[in-house]
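These notes concern the structure reproduced below.
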Amino acid sequence: MDLPIPVRRLFWDTDIRAVRWDRHREAIIGRVLASGTWADVTWLRRTIGDPALREWILQNEGRGLTPQQLRFWQLLLDLPRREVDRWLRSPSRQVWDRRTAP
């Protein structure tokens, strides 16, 4: 599957000709969720569906997503609040999340 042209721009640091859905699905999902526009996210949701998106977030424990993004998906995809709270309290995650805090 070819990525839509707007989604390709998210892979500015990669040879886009080498990016393939069947080989890089996990990375594509993560990049779109973390850095994509709403149009990019809409494409992703149409492509894999919300159940698969929910499963990806659960399997990856929200890694790569900001706390705000994670809370958004928690509401939209009915992610378990206790799990999301646990992910956000993780010491290793807090170091990452606070990297830009004043």
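The values are calculated or read from the model by the stated rules, or taken from the named source; none is laboratory data. Fair warning: this is a prediction, and the values are worked out from it, not measured in the lab. FYI the Cβ positions are ideal-geometry reconstructions off the backbone, even for glycines, and counts take in every protein chain you see.
Check R81 against each of (1) under 22 Å from T37 (Cα atoms); (2) modelled with pLDDT of 95 or more and name the one condition it does not meet.
Just one mismatch for R81, condition (1).
How about the stretch 36-64: which of its residues are of a type in the set (D, E, K, R) and over 9 Å from the mean Cα position of the chain (by Cα)?
D40, R45, R46, D50, R54, E55, E61
Counting only residues that are over 13 Å from I28 (Cα atoms) and touching a Pro at 6+ places or on another chain (Cβ under 9 Å), which one in the stretch 39-83 is surrounded by the most Cβ atoms within 10 Å (Cβ to Cβ)?
Q74
Out of the residues in the stretch 28-58 that are of a type in the set (V, I, T) and in a helix (DSSP H, G or I), state the one that is nearest to L88 (Cα to Cα).
Looking only at the stretch 28-58, we keep the residues that are of a type in the set (V, I, T), and these are 28-29, 32, 37, 41-42, 47-48, 57.
Then drop every residue that is not in a helix (DSSP H, G or I), which leaves 28-29, 32, 41-42, 47-48, 57.
Working: I28: 23, I29: 20, V32: 20, V41: 22, T42: 25, T47: 28, I48: 25, I57: 13 Å.
So the residue we want is I57.
Scan the stretch 1-27 for residues that are in a helix (DSSP H, G or I) and either closer than 25 Å to Q59 by Cα or among the hydrophobic types (A, V, I, L, M, F, W, C) (or both) and report the count. It would help to see each step written out before you state the result.
Filtering the stretch 1-27 for residues in a helix (DSSP H, G or I) gives 5-11, 16-18, 21-27.
Still in the list and also either closer than 25 Å to Q59 by Cα or among the hydrophobic types (A, V, I, L, M, F, W, C) (or both): 5, 7-8, 10-11, 16, 18, 21-27.
The qualifying residues number 14.
All but one of (1) at pLDDT below 95; (2) at negative phi hold for F72, so report the exception by its number.
Among (1) at pLDDT below 95; (2) at negative phi, the lone unmet condition for F72 is (1).
Rundown of residues vs (1) in contact with a Lys or Arg (Cβ under 9 Å, 6 or more places away or on another chain); (2) of a type in the set (A, V, I, L, M, F, W, C), yes/no style:
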{"site": "I5", "(1), (2)": "no, yes"}
{"site": "I16", "(1), (2)": "yes, yes"}
{"site": "R20", "(1), (2)": "no, no"}
{"site": "S35", "(1), (2)": "no, no"}
{"site": "W38", "(1), (2)": "no, yes"}
{"site": "Q68", "(1), (2)": "no, no"}
{"site": "F72", "(1), (2)": "no, yes"}
{"site": "S90", "(1), (2)": "no, no"}
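What pairs can you find where one residue is in the stretch 1-27 and charged (D, E, K, R), the other is surrounded by 10 or more Cβ atoms within 10 Å (Cβ to Cβ), and their Cβ atoms are less than 6 Å apart, with a gap of 6+ or different chains?
Partner pairs satisfying both residue conditions: R8/I16.
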